Amino acid sequence: MSLPKITTQEEWLAARKGLLAKEKELTRQRDALNAERRNLPMVAVEKDYTFDGPVGQVHLIDMFVGRAQLIVYHFMFEPEWEDGCPSCTAGTDELSAGFFEHLHTRDTSYAMVSRAPLAKLERWAAKKGWDVPWYSSFGTDFNHDFGVTIDESVTLGQYNFRSRAESEARGSDIFEADQPFEMPGRSCFLQVEGRVFHTYSQYARGLESTGGSYYFLDLTALGRQEEWEEPKGRSESARSARPDFAS
């Protein structure tokens with residue numbers, strides 16, 4: 001591994017300012033992309049999926065736990081496996097009580113769904129010391145319908161919104177694996193007056209771009225749900241000094 005070259009403070013500052021301009025442009029692009037994501041149309045979830053959970057059989061709307069939004073992580077855990085996916089496990093290890101608290105403050109629940117039977121999920125969660133809502137979709141169409149169980153005998157082969165032919169044209173060989181097989185993903189849902197809507201899903205490299213609860217909220221239809229509010233009694237000069245972190 002090569003190290004950065006040694007330079008002067010003046011040269012470093014010039015290079016840093018040049019990089020800062022690119023970073024700010026990327027931030028503006030990300031803000032625009034987040035806005036476009038929030039404006040995606042949504043699709044009603046008409047199928048009545050049922051899952052096995054810690055308190056018995058539940059429906060998708062039950063996973064909201066009364067909140068407006070739900071983020072589901074499609075944790076890779078095949079029914080035949082005894083251990084959960086190492087990569088999914090590493091990502092779940094990084095979640096904290098504070099992370100869930102911040103989501104809940106924004107009326108958003110978080111849950112994991114896997115195809116393995118509930119007993120295996122609970123055993124793995126206990127081994128890892130997790131307290132994350134985790135449900136089994138074993139025996140249902142949920143994983144197939146949301147593109148994380150690849151089984152061309154059941155549904156058209158597709159992952160990350162690309163068919164087998166499109167994936168192979170891009171040099172991917174994922175469809176060469178023995179089917180059925182699991183892939184990771186994340187899906188967002190919104191409930192409105194008792195109806196559940198699918199608003200967003202992401203797969204593959206998109207799952208790597210994580211940055212705490214704000215990143216996860218940026219994936220949802222309602223976003224961060226924050227607006228700048230001017231404190232009462234502020235002078236005009238103080239109001240003009242409101243923070244603009246993207247500038």
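Quick notes on this one:
- If you go through the range 41-98 and pick out every residue that is more than 18 Å from Pro117 (Cβ to Cβ), touching a residue at least 60 places away in the same chain (Cβ under 8 Å) and polar (S, T, N, Q), you end up with 2.
- Checking Gln158 against (1) farther than 26 Å from Asp83 by Cβ; (2) among the polar types (S, T, N, Q); (3) in contact with a Leu (Cβ under 7 Å, 6 or more places away or on another chain), the condition it does not meet: (3)
To keep it simple, each residue is scored yes or no on (1) touching an Asp or Glu at 6+ places or on another chain (Cβ under 6 Å); (2) of a type outside the set (Gly, Ala, Ser); (3) within 26 Å of Asp145 (Cβ to Cβ); (4) at pLDDT 95 or above.
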{"site": "Leu19", "(1), (2), (3), (4)": "no, yes, no, yes"}
{"site": "Pro41", "(1), (2), (3), (4)": "no, yes, yes, yes"}
{"site": "Lys47", "(1), (2), (3), (4)": "no, yes, yes, yes"}
{"site": "Gln57", "(1), (2), (3), (4)": "no, yes, yes, yes"}
{"site": "Asp83", "(1), (2), (3), (4)": "no, yes, yes, yes"}
{"site": "Leu95", "(1), (2), (3), (4)": "no, yes, yes, no"}
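- Selection from the range 1-34 of residues that are under 30 Å from Leu217 (Cα atoms), without any contact (Cβ under 8 Å) to a residue 60 or more places away in the chain and among the hydroxyl-bearing types (Ser, Thr, Tyr): none
- As for the range 122-135, it holds at least one residue that is within 22 Å of Ala44 (Cα to Cα) and not in a helix (DSSP H, G or I).
- Listed by position, the helices (runs of 4 or more DSSP H) enclosed by the range 137-247 that each have at least 2 residues that are crowded, with 18+ Cβ neighbours inside 10 Å, modelled with pLDDT of 95 or more and under 23 Å from the mean Cα position of the chain (by Cα) are 142-145.
- Those residues of the range 64-81 which are of a type in the set (A, V, I, L, M) and under 19 Å from Val148 (Cα atoms), in sequence order: Leu70, Ile71, Val72, Met76
- Inside the range 99-122, residues that are free of Cβ contacts under 8 Å to residues at least 24 places away in the same chain and small (Gly, Ala, Ser) make up a count of 1.
- No other residue among Phe100, Phe51 is of a type in the set (Phe, Trp, Tyr) and within 18 Å of the chain's Cα centre (by Cα) apart from Phe100.
The values are calculated or read from the model by the stated rules, or taken from the named source; none is laboratory data. Everything numeric here is computed off the predicted structure, so don't read it as measured data. So basically every Cβ, Gly included, is an ideal-geometry build from the backbone, and we count neighbours across all protein chains shown.
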